[in-house]
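Visitor: I have a structure here, written as structure tokens, and I will follow up with some questions on it.
The values are calculated or read from the model by the stated rules, or taken from the named source; none is laboratory data. Predicted model, so just to flag it, every value in this text is computed and none were measured. Every residue, glycine among them, receives a Cβ derived from its backbone with ideal geometry; neighbour counts consider all protein chains shown. These accessible areas exclude ligands, DNA and RNA; they are computed on the full protein's heavy atoms, side chains included. Shrake-Rupley method; radii C 1.70, N 1.55, O 1.52, S 1.80 Å.
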Amino acid sequence: MASGRPGRFITDQTLVYTFTRRALVLGGLQIGLGGLLAGRMAWLSIAQKDKYDRLAESNRVQSQLIPPRRGWIVDRHGKPIAINRTSFRVDLIPDRLQDPDRIIDELRGLLDLSPEDVKRIKDVLDKAPGYQPVPVAENLDYERYATISLRQADLPGVAPSSGYARAYPLGAAVAHLVGYVGPASVEDYKKNHDPLLITPGFKVGKEGLERTMEPWLRGKPGAKRTEVTAHGKLVADLTTRPEQMGNMLRLTIDAGLQDFAARRMGTNSGAVTVIDVANGNILAMASMPAYDPNSFSDGIGQSEWAMASADDHLPLMNKALQGLYPPGSTVKPMVALALLRAGVPASDMVVCSGAYRVGNGLFHCWRHGGHGAIDMHRAIAQSCDIYFYTMARRIGIDQIARMARLLGMGEKYELPFRSQRYGTVPDTAWKLAKYHKPWTAADTVNSAIGQGYMLVNPLQLAVMASRIASGQVLQPRIIGNKHYGPQGPPIGFDSEHVDFIHRAMRDVVGGGGTAIAARLPVAGVEMAGKTGSAQVRRISMADRLAGRAGALGTGGDWKLRDHGHFLGFAPFDNPRYAIGVTLEHAGHGAAAAVVARDVMTWLFAPERAMATLAANEAQWGGGISERMAAETARWDTAHLAGPTPEQEANPDPATPDAKIPPGERGD
Amino acid sequence: MSRLSLVPAPIARLPWGVLALVCAICGFGLVVLYSAAGGSLRPWAFSQGIRFCVFLCGALVLSRIRAETLKALAVPAYVGLVAMLVGVEALGAVAGGSRRWLDLGIIRLQPSELMKPVIVLVLAWFYDMLPAAEIRRWSAIWPAAALVGVPFVLVMAQPDLGTALMIVFGGIVVMFLSGIPVRLFVGGIAALVALTPVALGLLHDYQRSRIEIFLNPESDPLGTGYHIIQSKIAIGSGGIAGKGFLAGTQSHLDYLPEGHTDFVFATMAEEWGLLGGVGIIAGYLLVIGWGMRVARRAATRFGRLAAGGLATTIFFYVAINLSMVMGLAPVVGIPLPLVSFGGSAMMTVLICLGMLIAIDREGRAAAR
């Protein structure tokens, strides 16, 4: 390092001078750095104070959400359909858990946990973040809850709590109507990370009205605020904000009627819908068989799910809205209205010889020998197919389709249900668009008796009945405490036509027609209606030659039997209630007519209806819940004990065919 | 000294202003430790107070030693400490794991801690001995570099990045004050910047992760970044006037880790706010400023260099610790002297103070 500054000799004195200068620089740097640190501190504590205040607060205060009670669902009279009952539960708080194995072992003894439960708890515990409670057991009886509460001191991390669980007093009878509730799914939570969704005990609507009316029913969560240390130790309870119960949902449903309708269907698979003709209110909409929404809301076991999925009566499907069936002869009043509107005089006669030729095809009347000469009134009352084949061809399919739509077929209604399958009203344009084929005379003939491409759901049958009964475009309604606008316009044609149809339909029931069985046992109240038997498969010539088509429709394999429909209204001279009944594979519309009779009877003479039902249920092996319990027991013995020889001999109930009822395809 | 009084002259001549300042800083620290213990003298405030009294007495005894003696002791002390550092390493190798202290039975001695003032003394000794004419030669640099390098390597091996850096900083300050060319420092800084990636490669994993987390504390909110985040929350939420004595939630609810040791400043700031923080910073700057004045008026070259280095050593403690708690520097484990609970830093700072008083006494005597 020989590079001293030229011309300058370094002495002790110059070093003192250098030192002083550099010491001042160093002192300046120190003061500068000190100022910088003070400035940094001012930045943190003044400019960013709000941010850090918030962070300090969120450190200090732990909010635990209190799930809100769901709003009640009540019927039109305020009778409860879905309510909340007190329930006791136990959770684990992973953060506070010491020695999880010992504690889970103790809980197993105290709560009778199955090995399956223990495995689930341990699995969840491994993955759950420390602050998130892990459910151990729900719906405990008070004694168990009290035992855990008393022992809480030696069970760190175990959190017993009391909350509310959903209860449906009518059970399976309202299952498809209101649905059920359950814990929010992972997808729900991922949408907005609402912490309420992962609060133990909180449930969201999973199906039916519980699902679609979720925002109205949910309520606002409360919060329990506690001051905690970094180690999660509770220091003090801060103010608690109470939860706010959800809104009450009033339905147009009459709970008594709903219950009766569901029970009256007995062992059948089907749907019953009743509509108030005055305003379109749905008074009952029952689909059976059904699941028990109480046990579904508590969380069902795998075997319960497997059993429901395997059942060929489809207890998981709301047939009133999702079942699609050929309407059969129930369309005849509608077709007759179309004929009248098109100017066909009701007095025009058709000679029914029992068979009708269209090109190469031969179409039969249900009555083997034919009806002879027949006019419109008798054609409806006797359900003569040939009359409608002939007349339908006279006005053509498009006029019929227009009337069908006017009466609610093929229509999707404004109802708070997630899926409605609204069926098919075929016409020339529809066929061309869908199959790229022209409409044929045979298509018209099929459609005239509600076969072929035509498909409806059971609710549409009831709506059609309500529109025929009222002569008004009634929209079905189900929410009682919602303000609706005025109902739809009058259907807009001659009231004489409507009266004519009413009379003809009355004679179906009361005038020696096809539904004598549907006569109401109530003095002074007459029901008007129309039956329908919808073919599940085409009846071949071979079948026809082998025997009566009806015998084939009613006998043999359940899945091949005809569907039975009935639509009607009462009293026929001053309609108040419209009804639609569909019984899958019941063989004939008369079976549906009998159910409609009893449901209608309930509206006018409930005691009498209940007496009939009591007798019936004694035959069927008890009410809905008893029969479901017996079925579960049978299923359990058959499946939990391993396959028995007897069961192996039976056809597998879970074949894919069985899951889709034949009438349901297409829409 | 025309003062006629009952007080003996040596005591009257003590720099009472600085001693009062040091006592005030430590006293404030005791108040903070009292709060950090949840409003209790135990376990920290009481023993810290006792320790301060003992070390302060030690510092006053040290201040009676003549600067010449300090100079004479510099080399033996340095050699002794290097030997102890090697001993710590050897023991660590035998016992396994990292060791920073020697257990001498009565006290646990951290040789690396004592090395901070001693490196200043030994370099002051070296430049005092070096003829003025050689200050711009290699011979002025390599021995000093070696004197710094040996303890640096040994302390890094412990591994203790914070202390090792402070030893280097102390050495560099004395070299700067000694008058070696400025461009060496400029070049050195440039080289350091260039070599940073290489240096990062030589660090231990935990040291590297501390630096990475310092650069982005949110990347590891539950691990090492947690310290910085919680410390900033405590300081920021304290605001201008603080939450009030005993009312800090970050410290009392244990969200702030090390709230009585390395992060004691955050504990203080939460309860006393910006005013308390600026007060402490100002207090330290006054002490350090006094130390720098002692350096400027010292009678000898050894005194000047030693005083400047010692004052700056105190400054490094404060600056590194405060940068760390405010999120301006990685967490390197440097306590806030006199305030943080613990003896080592307090002892070092009071040793520096004692030696500064000793140098000051001679300086003022020479000036009279």
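Visitor: Order B:192-199, A:330-337, B:312-319 from most to least packed using the mean count of other Cβ atoms within 10 Å. Each step should come with its number before you reach the end.
Guide: Values: B:192-199: 9.9, A:330-337: 27.2, B:312-319: 25.8.
Result, highest mean first: A:330-337, B:312-319, B:192-199.
Visitor: Additional query: Each residue of the stretch A:72-88 in turn: what ³J(HN,Hα) in whole Hz from Karplus with 6.51, -1.76, 1.60 and θ = phi - 60°, glycine and Pro shown as x?
Guide: Karplus values, whole Hz, x for Gly and Pro: 6, 10, 10, 8, 4, 9, x, 6, x, 10, 9, 10, 10, 10, 5, 9, 10.
Visitor: Using the per-residue mean of other Cβ atoms lying within 10 Å as a proxy for protection, in what order, highest first, do the peptides B:173-186, A:254-267, B:25-38 fall? The partial results should precede the final answer.
Guide: Numbers: B:173-186: 19.4, A:254-267: 23.3, B:25-38: 21.0.
The packing order, highest mean first, is A:254-267, B:25-38, B:173-186.
Visitor: Continuing with this model, one more query. Any idea what angle helix A:115-127 forms with the longest principal axis of chain A, computed on alpha-carbon atoms, 0 to 90 degrees, nearest 10?
Guide: 50
Visitor: In addition: Run the accessible area of the stretch A:255-664 with a 1.4 Å probe and give the carbon-and-sulfur part as a rounded percent. Kindly include the intermediate steps, with their values, before the conclusion.
Guide: On the way: 8680 of 16300 Å².
Reported share for carbon and sulfur atoms: 53 percent.
Visitor: Please state the charge dipole magnitude for chain B, taken about the Cα centre, from unit charges on C-beta atoms (+1 on K and R, -1 on D and E), reported in debye and rounded to the nearest 20. Please list the in-between numbers first.
Guide: Working: 26 positive and 18 negative charges, 315 e Å.
Charge dipole, chain B, about its Cα centre: 1520 debye, nearest 20.
Visitor: Report, in whole Å, the centroid distance computed from the Cα atoms of the stretch A:138-156 and the stretch A:11-30.
Guide: Going from one Cα centre to the other spans 76 Å.
Visitor: A follow-up question, please. Taking amide H positions as placed in the peptide plane 1.01 Å from N, state which residues far from A:N84 in sequence (5 or more) or on other chains have amide H under 5 Å from it.
Guide: Under 5 Å from the amide H of A:N84: A:A167.
Visitor: Between the stretch A:392-406 and the stretch B:235-274, how many Å separate their Cα centres?
Guide: 84
Visitor: Considering only C-alpha atoms, what is the centroid distance from the stretch B:19-74 to the stretch A:459-478, in Å?
Guide: Going from one Cα centre to the other spans 94 Å.
Visitor: Could you pull out every one of the lysines with an alpha carbon less than 18 Å from that of B:K116, ignoring same-chain neighbours closer than 8 positions?
Guide: By straight Cα distance, B:K116 reaches B:K71.
Visitor: Accessible area lost on pairing A with B, both sides, 1.4 Å probe, Å² to nearest 100?
Guide: Values: alone 32100 and 16930 Å², together 44730 Å².
Separately minus together, A and B give about 4300 Å² buried.
Visitor: Based on Cβ point charges of +1 for Lys and Arg and -1 for Asp and Glu, what charge dipole magnitude is obtained for the stretch B:211-347 about its Cα centre, in debye rounded to the nearest 20?
Guide: For the stretch B:211-347, the charge dipole is close to 1020 debye.
Visitor: Right, next: I'd like the orientation of helix A:49-60 relative to chain A: the angle between its Cα long axis and the longest Cα principal axis, in ° from 0 to 90, rounded to 10.
Guide: 70
Visitor: Still on this structure, please answer the following. Give, rounded to the nearest 20 debye, the magnitude of the charge dipole that the protein assembly as shown has about its Cα centre when Lys and Arg contribute +1 at Cβ and Asp and Glu contribute -1 at Cβ. Please list the in-between numbers first.
Guide: Working: 101 positive and 85 negative charges, 842 e Å.
Its charge dipole is roughly 4040 debye.
Visitor: If Rh is defined by the Kirkwood formula over all Cα pairs and Rg also comes from Cα, what ratio Rg/Rh do you get for the protein assembly as shown?
Guide: The Rg/Rh ratio comes out at 1.27.
Visitor: If one takes the longest principal axis of the Cα atoms in chain A, at what angle in degrees, from 0 to 90 and to the nearest 10, does the Cα axis of helix A:332-341 lie?
Guide: 70
Visitor: What helices does chain B hold that run 18 Å or longer along their axis, going by alpha-carbon atoms, with a Kyte-Doolittle average of -1.0 or more, using DSSP H for the helix calls? It would help to have the intermediate numbers written out before the result.
Guide: Values: long enough: B:16-36 (29 Å, 2.17); B:45-62 (25 Å, 1.76); B:67-95 (40 Å, 1.54); B:111-129 (25 Å, 1.04); B:142-156 (20 Å, 2.00); B:161-178 (26 Å, 2.31); B:182-202 (29 Å, 2.01); B:225-238 (20 Å, 0.36); B:264-296 (37 Å, 1.11); B:301-325 (36 Å, 1.16); B:344-367 (34 Å, 1.17).
Length and hydropathy pass: B:16-36, B:45-62, B:67-95, B:111-129, B:142-156, B:161-178, B:182-202, B:225-238, B:264-296, B:301-325, B:344-367.
Visitor: Just from its helices, what would the mean residue ellipticity at 222 nm be for the protein assembly as shown, if runs of 4 or more DSSP H residues each count -39500 (n - 2.57) and the sum is divided by every residue, rounded to the nearest 500 deg cm²/dmol?
Guide: -16500 deg cm²/dmol
Visitor: Calculate the mean, over all residues of peptide B:322-329, of how many other protein chain Cβ atoms lie within 10 angstrom of the residue's Cβ.
Guide: Other-chain Cβ atoms within 10 Å of each residue's Cβ, averaged: 3.
Visitor: Using only atoms on other chains, find how many Cβ atoms lie within 10 Å of each Cβ of peptide A:47-54 and report the average.
Guide: That average works out to 5.
Visitor: Continuing with the same structure: What are the residues whose amide H is under 5 Å from the amide H of A:H364, where those residues sit 5 or more places off or on another chain and H is modelled from the backbone?
Guide: Residues meeting the amide H criterion: A:Y356.
Visitor: Classify the stretch A:90-188 as rounded, prolate or oblate, taking a ≥ b ≥ c as the square roots of the eigenvalues of its Cα gyration tensor: rounded when a/c is under 1.5, otherwise prolate if a/b is larger than b/c and oblate if not.
Guide: prolate
Visitor: Longer than 29 Å from Cα to Cα, which of A:K332/A:K412; A:K319/A:K530; A:K220/A:K412; A:K332/A:K434; A:K79/A:K224 are they? Say none if no pair is. Each step should come with its number before you reach the end.
Guide: Numbers: A:K332/A:K412 22 Å; A:K319/A:K530 20 Å; A:K220/A:K412 33 Å; A:K332/A:K434 25 Å; A:K79/A:K224 33 Å.
The answer is A:K220/A:K412; A:K79/A:K224.
Visitor: Moving to a separate point now. I'd like to know which of A:W366, A:I397, A:A433 lies farthest towards the positive end of the charge dipole of the stretch A:335-436, counting +1 on Cβ of Lys and Arg and -1 on Cβ of Asp and Glu.
Guide: Positive-end residue among those listed: A:A433.
Visitor: From the backbone phi of the stretch A:622-635, what are the Karplus-calculated ³J(HN,Hα) couplings (6.51 cos²θ - 1.76 cosθ + 1.60, θ = phi - 60°) in whole Hz, Gly and Pro given as x?
Guide: Using θ = phi - 60°, the values come out as x, x, 4, 5, 4, 5, 5, 5, 5, 5, 4, 4, 4, 4 Hz.
Visitor: I would also like to ask the following. Would you compute the Debye intensity of the stretch A:62-250 from its alpha-carbon atoms alone, equal scatterers and no solvent, and pass along log10 I(q)/I(0) at q = 0.08, 0.09, 0.13, 0.18 Å⁻¹ to two decimals?
Guide: Log-scaled intensity ratios, in q order: -0.29, -0.37, -0.76, -1.31.
Visitor: Leaving out ligands and nucleic acids, and using a 1.4 Å probe, what accessible area per residue does the protein assembly as shown come to in Å²?
Guide: Accessible area per residue, the protein assembly as shown: 43 Å².
Visitor: Please compute, for peptide A:11-17, the average count of beta-carbon atoms on other protein chains lying within 10 Å of each residue's beta-carbon. Walk me through the intermediate numbers first.
Guide: Values: counts 2, 4, 1, 3, 10, 5, 1.
Per residue, the average neighbour count from other chains is 4.
Visitor: Carbon and sulfur together cover what percent of the accessible area of the stretch A:62-250 at a 1.4 Å probe radius?
Guide: 52
Visitor: Tell me which residues come under 5 Å, amide H to amide H, from A:R250 once H is placed; ignore anything under 5 positions away on its chain.
Guide: Residues meeting the criterion, in which the H sits 1.01 Å from N, are A:V74, A:G480, A:N481.
Visitor: Show me, for the stretch A:278-283, the HN-Hα J-couplings you get by feeding each phi into the Karplus relation (A = 6.51, B = -1.76, C = 1.60, θ = phi - 60°), rounded to Hz, glycine and proline as x.
Guide: 5, 8, x, 5, 7, 8
Visitor: Rounded, prolate or oblate, given the Cα gyration tensor of the stretch A:1-110, with a/c below 1.5 counting as rounded? Before the final figure, lay out each step's value.
Guide: On the way: a/c = 7.39, a/b = 3.15, b/c = 2.35.
Note, shape of the stretch A:1-110 comes out prolate.
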